[in-house]
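First the structure, in the form of structure tokens, and then the observations on it.
The values are calculated or read from the model by the stated rules, or taken from the named source; none is laboratory data. Note that the structure is a prediction, hence the values are computed from the model and not measured. When we count neighbours, we look across all protein chains shown, and the Cβ atoms used for this are built from the backbone with ideal geometry, even at glycine. For the accessible areas, the whole protein counts, side chains as well, though only heavy atoms, and no ligand, DNA or RNA atoms are used. Shrake-Rupley method; radii C 1.70, N 1.55, O 1.52, S 1.80 Å.
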Amino acid sequence: MDYFLDEDQVMIRDTARQIAEEKIVPVRAELDEKEQFPSEIIKFLAQADMFGLFIPEEYGGLGKGALELCLAVEELSRACLGVSTSYAANALGTYPILLFGTEEQKKKYLPDIASGKRLVAFGLTEANAGSDAAGIQTTATKSGTEYILNGTKQWITNGGEAEIYTVIAMTDKSRGARGASALIVEKDTPGFTFGKKEKKMGIRASSTCELVFDDCHVPKDNILGRDGMGFIVAMKTLDKSRTGVGAQGVGVAQGAFEEAGKFARSRVQFEKPIISFQAIQHMLADMAIQIEAARALVYSVARYVDSGAKDITKVSAIAKTFATDIAMRVTTDALQVMGGSGYMRDYPVEKMMRDAKILQIYEGTNQIQRNVICQSLIKEFSRNV
Amino acid sequence: MKIIVCIKQVPDTSEVRINPETNTLIRDGVPSIINPFDLHAVEAALSIKDALNAEVTVLTMGPPQAEVSLKEVIAMGADAAVLLTDRAFAGSDTWATAYTLAAAIKFLGADIVLCGKQAIDGDTAQVGPAIAEFMDIPHISYVSKIESISGDSITVRRLMDEGYDIVEAPLPVLLTVVKELNQPRMASLKGKMRAKKLEIRRLTYKDLSLDENNLGLKGSPTRVKNIFAPEMKKDRIVIGGTPEEQTDELISILKAIKCI
């Protein structure tokens, strides 16, 4: 279907597709098997200017928006969610600087991020602060011209690989969520180390690890926004990035669907290709329906975000939830169409199914998304009474 | 420093069909790509540019549609592109092609000229070295590594059947490169946007003040009689011992096969 993309958008999509097909597909199984971070692919993405898509031109980026980022993420996800997670997490870590950074902070960090020279990670989750983000225990104590960080962040995508970390920590525990602040912490800051690298079910090419802060001194100027704005920084960041997770769902679903279609045409049972059987046809049709609906939704929401709209929380949560729920269903059904072959690691679909599961969990579980959606609904209902 | 990279637009297949009547390549219906070896020459030029702040111009001789290939190289990071295009160039063999390209390079000026080791369609590996001959500058073929570039000379590795040579040459110089040299970079989005807008400079034979009799089919002495893959002969004997023993052994072998 034609989504009326402009010339630049088509160019961005095609560039991402070329990288996906030429550089990612040939190595994705190996990266998964070895749980290896895709450093080479990151280099190609950097060469192609992919890291600068959504960064303003004055900071070395291309000045594009959410839709362009979604197009790139979708294409990368069609080949490998592990790679696309590393790429998308970079955007997640960059949004706090983009949305709340001072001119000095933007000038200092954004050009290196846009060129892909330095990777970024976002540090919010902790052992006791997942869905309940207000349960953060990492502290940042003000001391003269510095903040002193103590605590441990958990399951941080790009942990260890990134050089710039945007971290949410409590500057005033007594104020609860209003006592959180967002800080930029650079790798190699004394007192900042990495804990164990997690062993995951899927997206195994991406790096996930703990960030450990032990009396880590960070300059006061590294604060994003004001003291106590950490929770707002986190929520606005997630509002911006959620649609991209939806695009990951569309991409992985598309990838699995194509594999299933190809297999169904060539697999012969009862002397016929299995695509001639209605049981298979209906499954493929249902996949196509779900993917196209999700894509239309994700692109529409991305365009709405790019319009400068303020009320993007609900719609971005809707796009994320729908597109990632269908990604789980479509990858599962794609594997089912392929039967025993689908279950084997000789084909990429079992990996896609393992990978897809994380989309319903990270950047806010789909249950939390529904809470977010309904909180907006309650406000809307009360306004309309 | 000025670098010129010569590229060729070739059919996207390593198994080009040949018209048995004319013994020329059949290009119809085959999509075009940049000759893969030339991409390594492009990467070499861009790496030198990154290190030494050189100006990179990409050059090709071909029909107007070869512009697409030039734009791809602009998207990779080349500064300028020149298309040699003229009806008078049509039907050029390696001699006429090298003659024409050499004239264009002299016209544009270059300290280093880079070419792929050969094109995947013709596979002659003649045009690169022949350009250097027409320009009367040194050339080094099969370059697998650039060791160093100083103000007026270059040191490279030349890939040989067994091992490599280290070769130094004064500038200006022409290098033909092998794929072991590097990994070509991706075209960047900014580069693609620049390429889209860029007007490609075109040169005709009149711009280069060339003699029309040396151009195109008229200027091409090559007549292809037949095309076949040469037989690989791998048999060889290594003779050891003192020089005297080696000579005796060699004479007896030559006698045995009735060469002497």
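Looking only at B:114, B:174, B:198, which one moves most when chain B is put into a Gaussian network model with springs between Cα atoms under 10 Å?
Of B:114, B:174, B:198, the Gaussian network model singles out B:198 as fluctuating most.
How much FRET efficiency would the formula 1/(1 + (r/R0)^6) give for residue A:332 and residue A:384, where r is the Cβ-Cβ distance and R0 is 51 Å, rounded to 0.05? Mind dumping the intermediate values first?
Numbers: r = 38 Å, r/R0 = 0.75.
Efficiency for this residue pair is about 0.85.
Determine which aspartates and glutamates satisfy two conditions relative to residue A:153: a Cα distance under 13 Å, and not lying fewer than 8 residues away in the same chain.
Here the aspartates and glutamates satisfying the reach criterion relative to residue A:153 are A:126, A:198, A:210, A:214.
Once Rh for segment A:7-118 is found with the Kirkwood sum over Cα pairs, what is the Stokes-Einstein diffusion coefficient at 25 °C and 0.890 mPa s, in µm²/s?
Numbers: Rh = 14.1 Å.
Answer from the Stokes-Einstein relation: 174 µm²/s.
With every protein chain in place, what's the accessible area of residue B:192 (1.4 Å probe, Å², nearest 10)?
Taking all protein chains as shown, residue B:192 has close to 40 Å².
Of A:23/A:64; B:233/B:258; A:107/A:173; A:314/B:190, which sit over 22 Å apart, Cα to Cα?
Details: A:23/A:64 24 Å; B:233/B:258 19 Å; A:107/A:173 31 Å; A:314/B:190 34 Å.
Violating the 22 Å Cα-Cα cut-off are A:23/A:64; A:107/A:173; A:314/B:190.
Mark the label point 7 Å from the Cα of residue B:234 along Cα→Cβ and return the residues of segment B:120-144 whose backbone N is within less than 18 Å of it.
No residue passes the distance filter.
Given the pairs B:49/B:196; A:142/A:197; B:49/B:117, which span a C-alpha to C-alpha distance of over 28 angstrom in this model?
Numbers: B:49/B:196 22 Å; A:142/A:197 30 Å; B:49/B:117 21 Å.
Exceeds cut-off: A:142/A:197.
At q = 0.07, 0.08, 0.10, 0.15 Å⁻¹, what log₁₀ I(q)/I(0) does chain B have when each alpha carbon counts as one equal point scatterer in the Debye sum?
-0.30, -0.38, -0.56, -1.08
Among B:232, B:76, B:193, determine the one that fluctuates most according to a GNM of chain B built with springs between C-alpha atoms less than 10 Å apart.
B:232
Convert each backbone phi in segment A:211-219 into a coupling constant with the Karplus relation 6.51 cos²θ - 1.76 cosθ + 1.60 (shift: θ = phi - 60°), then list the ³J(HN,Hα) values in order as whole Hz, x for Gly and Pro.
10, 10, 10, 10, 6, 8, 8, 10, x
At 0.36 nm per residue, minus the direct Cα-Cα distance, what do residue A:14 and residue A:296 gain on full extension? Give it in nm, one decimal, please. Each step should come with its number before you reach the end.
Working: separation 282, 0.36 × 282 = 101.52 nm, distance 1.85 nm.
Length gained between residue A:14 and residue A:296: 99.7 nm.
Compute, for residue A:87, the solvent-accessible surface of its heavy atoms (probe 1.4 Å) with the complete set of protein chains present, and express it in square angstrom to the nearest 10.
Only protein atoms counted, so the area is about 10 Å².
So which lysines pass the test for residue B:218, namely a Cα distance under 25 Å, with those fewer than 8 places away in the same chain ruled out?
Straight-distance partners of residue B:218: B:8, B:106, B:206.
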